[in-house]
Amino acid sequence: MAKIKIDGTEIDVAPEATLLQACEAAGAEVPRFCFHERLSVAGNCRMCLVEVKGGPPKPQASCAMSVKDLRPGPNGEPPEVFTTTPMVKRAREGVMEFLLINHPLDCPICDQGGECDLQDQAMAFGGDAGRFAENKRAVEDKDIGPLVKTVMTRCIQCTRCVRFTAEVAGTADMGLISRGEDVEITTYLGSAMASELQGNVVDLCPVGALTSRPYEFKARPWELSKTESIDVMDALGSNIRVDVRGREVVRILPRLNEAVNEEWISDKTRHVVDGLKTQRLDRPYVRVGGKLTTASWSKALETVAEKIKATASDKIGIVVGDFASAEELFAVKTLAASLGIASVDARADGSCLDGKAGRGSYVFNATVAGIEEADAILIVGSNPRLESPVLNARIRKRWRRGGLQIGVIGEEADLTYAYNFLGEGTAGLEALASGQNGFLEVLKAAKKPLVIVGNAVTTRADGAAVMAKVAEIAATIGAVSAEWNGFSVLHTAASRVAALDLGVVPAAGGKSTKEILDGAASGAIEVVILVGADEIDTAKLASAFVVYLGTHGDKGAHAASVILPGAAYTEKSGIFANTEGRIQLAQRAAFPPGEAREDWAVLRALSALVGRTLPFDSLGELRAALVAAHPTYAGLDAIAPTSHEDVAGLAAGAGSLAADDFVSPVTDFYLTNPIARASKTMAECSALAAARATAAAAE
């Protein structure tokens with residue numbers, strides 16, 4: 001550590017720290033526009049000027065100078081930096097005056113109003129008047145896609161957006177052209193941005209040159225109630241803030257969590273907002289004469305209860321979807337056990353994972369933050385750019401540091417970083433295991449090798465055999481030990497880890513999701529209860545009595561005999577376990593529309609009508625029962641330790657491997673669930689991505 005004095009206060013900081021970071025550590029406020037902790041240093045706004053004692057007789061840019069660059073005093077005294085001297089004050093006022101020369105000052109109509117760094121810093125560090133009367137420069141706005149609106153006349157060329165797309169997103173969509181007064185930021189050829197993380201440039205922009213197009217003119221920040229919650233669009237569990245005006249969710253923003261999503265979220269997480277109010281189920285329906293008609297809650301629940309009581313338990317199947325919270329999963333399992341229903345499955349995609357080998361066999365053991373410790377990565381059956389864009393950005397972050405080799409077995413796609421393509425399917429896996437392609441030696445030489453297994457493996461018919469093979473390779477390369485467990489499963493469903501933790505899988509003699517659907521088609525299953533399950537083959541349900549408890553008029557509702565409207569993830573409080581097994585709490589930000597109710601409450605009401613009343617009357621009682629049965633769920637924002645020996649248990653699934661390729665279940669990133677499919681914004685993004693893919697194929 002190095003000693004430095006900031007405004008007379010002596011502190012110890014890392015020699016590599018910038019003066020700006022040292023000032024922050026000492027509690028001194030230093031304004032900035034271009035500097036950002038997660039981006040490279042540009043040093044081009046000059047707002048962070050400070051005075052260095054013994055340095056040049058002019059202020060210095062604190063973001064571009066390190067503590068180790070300063071000289072000690074003549075007698076070895078720590079170097080001194082001042083942030084409030086008259087020199088610094090005049091310099092900052094001058095910089096702010098220059099920045100405002102061409103700024104349009106259209107704060108009353110700017111969506112950044114109330115959250116604008118330029119506004120705040122002009123008030124805190126600027127002068128009270130400007131001396132320039134010349135005409136302001138105007139810059140043509142750019143069309144960069146359906147998510148980001150541009151008003152480039154406001155731009156102060158801080159280049160945060162340029163550095164983000166090049167460094168974090170890995171697409172290099174934006175850049176700076178021309179010189180001097182003609183300089184402007186653009187996408188070069190006028191094309192739309194291609195990254196799944198592009199919405200983050202809106203958060204980074206300090207002036208309102210880049211704002212959210214879907215949120216345009218919707219609300220001012222002081223009109224919104226803000227609720228901290230958890231995202232469910234993928235299994236990462238990104239920390240988010242849900243902003244509500246009245247009863248309507250109007251925007252979703254990222255929340256800082258260094259261990260999970262840092263401060264980024266995907267575009268689907270951010271802009272799925274309009275899907276929360278479109279095609280919503282707001283009242284119960286009962287199918288009469290082949291047509292769905294509205295019904296009261298008592299009528300709908302009585303219809304379901306009578307059918308359940310009249311049907312043998314072995315002819316009833318329950319399939320739980322991807323958005324179920326731990327409380328709902330626990331309620332489903334408890335109700336099924338009380339009714340003697342063995343055919344219960346929360347693996348709607350047909351995953352082979354069942355948790356018998358232990359928790360370490362189905363979570364991301366290395367943890368998301370642990371990706372940065374890996375020195376070699378093997379990705380099997382996963383396209384992390386589409387399945388978890390924020391996690392993919394973490395892999396890219398590690399790759400940019402250097403010293404990392406990445407191997408991929410599966411689809412050959414643009415993952416935003418360089419990798420060794422080792423094959424498309426099991427043939428590549430066999431070749432790796434036998435050492436034919438040389439990458440096995442790279443993995444063996446690594447101190448902390450990381451093996452990422454995706455849903456393209458777990459959802460195969462021979463998924464258990466492939467998992468056993470991957471576990472064998474992981475053990476061979478030293479990725480599984482007490483010191484470092486690099487065997488990591490990347491899920492796509494927010495409910496999957498909790499479902500496996502709680503054992504929401506078929507009981508002895510029960511049927512899996514595929515078997516339930518096949519049974520419904522053949523008549524062996526007469527009643528199918530879908531709890532938010534839409535990503536299934538609903539065509540097989542035509543002859544069954546289908547109960548759908550969910551939020552949207554999607555595939556599950558179309559096949560339903562009775563529809564029970566539920567609450568979306570922003571409309572209920574629930575516990576979720578992300579892909580690494582981290583327990584997180586999502587808070588309710590709004591209320592369900594119309595007569596819709598929270599899923600656990602619907603299940604509780606149904607249980608009373610079938611004569612198997614669940615032992616809880618409130619969410620608090622349900623959560624207490626959950627924690628009593630599964631103490632892991634008491635530790636919020638914590639990951640329960642897993643045993644590396646659990647990975648060895650996967651070897652029980654050893655068997656013959658099919659010769660087909662690994663195909664990611666995510667073919668269209670923007671339309672993976674009912675909420676996204678109800679979103680007009682996501683539909684526009686999907687169409688744009690399809691057009692881009694078609695154009696690329698034509699080339």
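Just a few scattered comments:
- Test: residue in segment 79-89 that is of a type in the set (Val, Ile, Thr), closer than 18 Å to ASP117 by Cβ, in contact with a strand residue (DSSP E or B) (Cβ under 9 Å, 6 or more places away or on another chain) and open to solvent by 30 Å² or more (accessible area, probe 1.4 Å): no
- Sub-7 Å Cβ pairs linking a first residue in segment 285-302 that is free of Cβ contacts under 8 Å to residues at least 60 places away in the same chain to a second residue that is open to solvent by 60 Å² or more (accessible area, probe 1.4 Å) and of a type in the set (A, V, I, L, M, F, W, C), at least 6 apart or interchain, number zero.
- Across segment 186-211, the number of residues qualifying as over 27 Å from THR672 (Cα atoms) and either open to solvent by 20 Å² or more (accessible area, probe 1.4 Å) or without any contact (Cβ under 8 Å) to a residue 40 or more places away in the chain (or both) comes to 3.
- Scope segment 642-686; condition in contact with a Pro (Cβ under 9 Å, 6 or more places away or on another chain), open to solvent by 30 Å² or more (accessible area, probe 1.4 Å) and of a type outside the set (Lys, Arg); matching residues: THR672, GLU684
- Test: GLY73 is open to solvent by 30 Å² or more (accessible area, probe 1.4 Å), at pLDDT below 90, more than 41 Å from the chain's Cα centre (by Cα) and among the small types (Gly, Ala, Ser): no
- Test result for ALA696, touching a residue at least 24 places away in the same chain (Cβ under 8 Å), aliphatic (A, V, I, L, M) and surrounded by fewer than 20 Cβ atoms within 10 Å (Cβ to Cβ): no
- Test result for PHE132, at pLDDT 90 or above and among the hydrophobic types (A, V, I, L, M, F, W, C): no
- Contacts under 8 angstrom Cβ, first residue in segment 1-17 being free of Cβ contacts under 8 Å to residues at least 12 places away in the same chain and farther than 8 Å from VAL67 by Cα, partner among the hydrophobic types (A, V, I, L, M, F, W, C) and in a loop (DSSP other than H, G, I, E, B), 6 or more apart: ASP12/MET1
- Number of the exception - THR9 against (1) closer than 25 Å to ILE156 by Cβ; (2) β-branched (Val, Ile, Thr); (3) surrounded by fewer than 16 Cβ atoms within 10 Å (Cβ to Cβ): (1)
- Among the residues of segment 650-673, not a single one is under 27 Å from the mean Cα position of the chain (by Cα) and part of a helix (DSSP H, G or I).
- Segment 617-637 residues that are at negative phi and among the acidic types (Asp, Glu), paired with ones that are surrounded by 13 or more Cβ atoms within 10 Å (Cβ to Cβ) and not in a loop (DSSP other than H, G, I, E, B) (beta carbon under 9 Å, 6 or more apart): ASP617/ARG604
- Residues satisfying the stated conditions in segment 277-333, i.e. open to solvent by less than 50 Å² (accessible area, probe 1.4 Å), part of a helix (DSSP H, G or I) and not β-branched (Val, Ile, Thr): TRP297, ALA300, LEU301, ALA305, SER313, ALA326, GLU327, GLU328, LEU329, PHE330, ALA331
- Which listed residue is at pLDDT 95 or above and not hydroxyl-bearing (Ser, Thr, Tyr), from ALA461, ALA498, ALA475: ALA498
- Among the residues examined, GLN60 does not qualify as in contact (Cβ under 8 Å) with a residue 12 or more places away in the chain, farther than 18 Å from PHE35 by Cα and crowded, with 16+ Cβ neighbours inside 10 Å.
- Any strands (runs of 3 or more DSSP E) falling wholly within segment 219-263 and containing at least 1 residues that are open to solvent by 50 Å² or more (accessible area, probe 1.4 Å) and without any contact (Cβ under 8 Å) to a residue 12 or more places away in the chain: none
- Considering residues of segment 106-129 that are assigned to a loop (DSSP other than H, G, I, E, B), more than 32 Å from the chain's Cα centre (by Cα) and surrounded by 14 or more Cβ atoms within 10 Å (Cβ to Cβ) only, the residue modelled with the lowest pLDDT: GLY127
- Scan of segment 495-510 for residues that are open to solvent by 10 Å² or more (accessible area, probe 1.4 Å) and either in contact with a Cys (Cβ under 7 Å, 6 or more places away or on another chain) or over 25 Å from ALA475 (Cα atoms) (or both), ordered by number: GLY503, VAL505, PRO506, ALA507, ALA508, GLY509, GLY510
- Members of segment 681-699 found to be closer than 16 Å to ASP267 by Cβ and either touching a helix residue (DSSP H, G or I) at 6+ places or on another chain (Cβ under 9 Å) or polar (S, T, N, Q) (or both), listed by number: THR681, MET682, ALA683, CYS685, SER686
- Members of segment 133-155 found to be aliphatic (A, V, I, L, M), open to solvent by 20 Å² or more (accessible area, probe 1.4 Å) and in contact with a Leu (Cβ under 9 Å, 6 or more places away or on another chain), listed by number: VAL151
- Residue-level analysis places ALA471 outside the set of residues that are among the aliphatic types (A, V, I, L, M) and under 26 Å from the mean Cα position of the chain (by Cα).
- Residue check, VAL162 touching a strand residue (DSSP E or B) at 6+ places or on another chain (Cβ under 7 Å), of a type in the set (A, V, I, L, M) and in a helix (DSSP H, G or I): yes
- Taking the conditions (1) in a helix (DSSP H, G or I); (2) more than 30 Å from the chain's Cα centre (by Cα); (3) free of Cβ contacts under 8 Å to residues at least 24 places away in the same chain in turn, GLY428 satisfies each one other than (2).
- When VAL41 is tested against the conditions (1) over 30 Å from ALA219 (Cα atoms); (2) part of a loop (DSSP other than H, G, I, E, B); (3) aliphatic (A, V, I, L, M); (4) open to solvent by less than 50 Å² (accessible area, probe 1.4 Å), the lone failure is (4).
- Complete set of residues in segment 459-493 that are open to solvent by 10 Å² or more (accessible area, probe 1.4 Å), out of contact with any Pro (no Cβ under 9 Å at 6 or more places or on another chain), part of a loop (DSSP other than H, G, I, E, B) and touching a residue at least 40 places away in the same chain (Cβ under 8 Å): ARG460, ALA461, ASP462, SER481, ALA482
- The set of residues from segment 21-32 being surrounded by fewer than 24 Cβ atoms within 10 Å (Cβ to Cβ), part of a helix (DSSP H, G or I) and either in contact (Cβ under 8 Å) with a residue 12 or more places away in the chain or among the polar types (S, T, N, Q) (or both) comprises GLN21, ALA25.
- Of ALA456, ALA413, ALA431, ALA446, all but one fail to be open to solvent by 10 Å² or more (accessible area, probe 1.4 Å) and within 24 Å of GLU196 (Cβ to Cβ); the exception is ALA413.
The values are calculated or read from the model by the stated rules, or taken from the named source; none is laboratory data. It should be emphasised that the depicted structure is a prediction, and the values quoted were computed from it without experimental measurement. Note that each Cβ is placed from the backbone with ideal geometry, even for glycine, and that neighbours are counted across all protein chains shown. These accessible areas exclude ligands, DNA and RNA; they are computed on the full protein's heavy atoms, side chains included. Shrake-Rupley method; radii C 1.70, N 1.55, O 1.52, S 1.80 Å.
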